[in-house]
Amino acid sequence: MKFRLLSFAAFLLASAAVLAQDFEGGHFRSGIDWKEPPVITSEAVLTPPPSDAIVLFDGTSLDAWEGAAWNVADGTVTIEPGTGSIRTKQKFGSVQLHLEFAEPPLKTDENGNPTEFGQWRGNSGLFFMDHYEVQILDSYECETYFDGQCGSIYKQLPPLVNVCKAPGQWQSYDIIFHRPIFRVENDQIAEVVRPATITVIQNGVLVIDNWAIQGDTYYHIPPHYNLHGDKEPISIQDHGTPCKFRNIWVREIPDATVVPLQNKLQHYE
Ligand code: MG
């Protein structure tokens, strides 16, 4: 009975959430009234790759990537706007990832006022498994919807704090990502046995705390899972602005860590 009451409460909450969703202008909004993440300051953490890391960008070439020819110079790679996203040739499941990024200089008019705003200022993104975006954006003294600002899981969860640095300054992401586990029947997801989870540390500060990702991070529709492999490329988004990156590496997390969970689920079936 207790379970039924809880289920009913969950149903009511879910219904309210659905009713509050907003598709105005083809732009999906969850309807959740998030509070603005407090602004704090911290320094980037510039960690060289550990000895067992797979280096994805060491400052000299994009050999580990495919998709577009972005500009590699002076130890950094800069998005060539309009050429498309890049993705790793190697596929990954669960990983620890380190990446350093810098937002492009602020564009201003003759009076020194910014001419780019919100999602149009320094937008890129780091996609795990080519499906799940950690937003990269210039959120330094620049407002947008909170679950779309830098450090958010795009359109799902705002960062706990806004620890963004000014354009041109190097920032760091250290991320722990665990892949989702699907039960598959007839080439379709029969059950999300375990959602993907993600922890994001930006400039040494926790901004996403072990969030259970709700599915693909769409712009125009609510998140939902789509079937994909146990390993997929990591990709970086071209959203039309010249963000810079350097020092990108990953360490794979073995799937062995999820086997006990699967066994437990089977036990309770
Ligand atoms: Mg983006």
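Summed over all non-identical Cα pairs, the Kirkwood treatment of the range 8-268 gives a radius of 19.3 Å. The share of Cα pairs per 5 Å bin across the range 33-132, counted from zero up to the longest distance, runs 2, 8, 15, 20, 20, 15, 11, 6, 2, 1, 0 percent.
The packing ranking of peptides 33-42, 201-210, highest mean first, is 201-210, 33-42, where packing means the average number of other beta carbon atoms within 10 angstrom of each residue. Fully extending the segment from Asp109 to Gln188, taken as 0.36 nm per residue of separation minus the present Cα-Cα distance, adds 23.3 nm.
The slack in the chain from Leu206 to Ile32, taken as 0.36 nm per residue of separation less the alpha-carbon distance, amounts to 60.5 nm. Each listed q (0.10, 0.13, 0.20 Å⁻¹) maps to a log10 I(q)/I(0) for the range 62-204, found by the Debye formula over equal Cα scatterers with no solvent: -0.40, -0.66, -1.36. Accessible area per residue was computed with a 1.4 Å probe on protein heavy atoms; Asp58 scores about 100 Å². Using a Förster distance of 41 angstrom, determine the FRET efficiency expected from the C-beta separation of Ala73 and Arg251, and round it to 0.05. With R0 = 41 Å, the Cβ-Cβ based efficiency is 0.90. Set against the 2.2 N^0.38 Å expectation for a compact globular protein, the range 155-211 has a Cα radius of gyration ratio of 1.53.
For the range 8-268, with all protein chains in place and a probe radius of 1.4 Å, 55% of the accessible heavy-atom surface sits on carbon or sulfur.
Normalised per residue, the accessible area of the range 8-268 is 49 Å², obtained with a 1.4 Å probe and no contribution from ligands, DNA or RNA. For the range 73-124, the fraction of alpha-carbon pairs lying more than 12 Å apart is 79 percent, rounded to a whole number. Here the spin labels are modelled as points 7 Å beyond Cα on the Cα-Cβ line, and at Lys91 and Ser42 they lie 3.4 nm apart. Working from Cα pairs under 8 Å separated by at least six residues, relative contact order for the chain is 27 percent.
Over all pairs of different C-alpha atoms in the range 119-269, the reciprocal of the mean inverse distance, the Kirkwood hydrodynamic radius, equals 16.4 Å.
Magnitude of the charge dipole for the range 8-268, about its Cα centre and with charges confined to Cβ atoms of Lys, Arg (+1) and Asp, Glu (-1), is about 580 debye.
The values are calculated or read from the model by the stated rules, or taken from the named source; none is laboratory data. Since the structure is predicted, the reported quantities are computational estimates derived from the model, not experimental observations. Note: ideal-geometry Cβ built from the backbone for every residue, glycine included; neighbour counts use all protein chains shown. Ligands, DNA and RNA are stripped out before the accessible areas are found, and what is left, the full protein with its side chains, is counted by its heavy atoms. Shrake-Rupley method; radii C 1.70, N 1.55, O 1.52, S 1.80 Å.
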